[in-house]
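Values in this text are rule-based calculations from the coordinates and carry no lab data. Since the model is a prediction, treat every value here as computed from it, not as a measurement. Please note: Cβ atoms are built from the backbone with ideal geometry, for glycine as well, and neighbour counts cover all protein chains shown.
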Amino acid sequence: MKRHLNALFISVSIVTFASVVSAQTAATPESRVRSFYSWYLHELNTEHDPIANKKGLARHLTTRYAGAIARALQQEDGIDADPFIDAQDFDPLWEKNLTVSKAAITGAKATATVTLKGGPNFGTKRLKIGLRKEGGVWKIDSVNDRLRP
């Protein structure tokens, strides 16, 4: 019985430690940006519309930035480029070739640069990402200073 309790304690400790490490990793601006772009570009590559996925966007965007995008989409002219890649089209290679710079953090705001490396038709694209802490969590608040709330 004692051996089973020890094994249980060790298992619970490992799971708890892994959860804490995972939460700490997700707590950085860089990990938020990487998580978002990995998800977003994968959605584009699998022919899903990530902008229509409100829950997916809400996980990664500030409430005010998500609202600014929703308002822009409702306007007669809409949005002339994808607000997250700042382009009208995308390179499928971006999903596997994205890097995120170390974020510059000032209080509850941060900026980072996403670099998307593509093939000869698209080349390399750099995006300036603004982040803001919302509810204690880093979330994306702007891309290339477009559609600022």
#### Entry: Sites THR99 and ALA72, calculated FRET efficiency, Cβ-Cβ separation with R0 41 Å, nearest 0.05
0.90
### Query
LYS117: net charge of surrounding residues, Cβ under 15 Å, Lys/Arg +1, Asp/Glu -1, itself excluded?
+2
### Message
Output wanted: per-residue J couplings in Hz (rounded whole) for segment 41-56, from phi through Karplus 6.51 cos²θ - 1.76 cosθ + 1.60, θ = phi - 60°, x for Gly and Pro.
### Response
5, 5, 4, 4, 5, 9, 6, 9, 9, x, 5, 7, 8, 4, 5, x
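Scan segment 73-149 for trypsin sites (Lys or Arg not before Pro) in coil per DSSP, keeping those whose Cβ has at most 13 other Cβ atoms within 10 Å, and list them by number.
On the way: sites: LYS96, LYS102, LYS109, LYS117, LYS125, ARG126, LYS128, ARG132, LYS133, LYS139, ARG146; in loops: LYS102.
Qualifying residues, ordered by number: LYS102.
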### Query
Given 0.36 nm per residue, what is the gain on full extension from LYS55 to ASP80 after removing their alpha carbon distance, in nm?
6.7 nm
#### Entry: Amide N of segment 81-98 lying under 17 Å from the label point, which is placed 7 angstrom from the Cα of GLU134 along Cα→Cβ
83-85
### Task
Give a residue-ordered list of calculated ³J(HN,Hα) values for segment 88-94 (Karplus: 6.51 cos²θ - 1.76 cosθ + 1.60, θ = phi - 60°; whole Hz; x for Gly, Pro).
8, 9, 9, 9, x, 5, 4
### Task
Past 19 Å, Cα to Cα, is the threshold; run LYS55/LYS117; LYS54/LYS128; LYS55/LYS139 against it and keep the listed order.
LYS55/LYS117; LYS54/LYS128
## Note on the structure
Taking a ≥ b ≥ c as the square roots of the eigenvalues of the Cα gyration tensor, with a/c under 1.5 meaning rounded and otherwise prolate when a/b exceeds b/c and oblate if not, segment 29-143 is oblate
### Task
Could you run the Karplus curve 6.51 cos²θ - 1.76 cosθ + 1.60 with θ = phi - 60° over segment 70-86 and give me ³J(HN,Hα) per residue in whole Hz, x for Gly and Pro?
4, 5, 5, 5, 7, 5, 4, 7, x, 10, 7, 8, 4, x, 9, 10, 6
### Query
GluC sites (Glu not before Pro), restricted to segment 45-149: which are DSSP loop and have at most 11 other Cβ atoms within 10 Å?
GLU47, GLU76
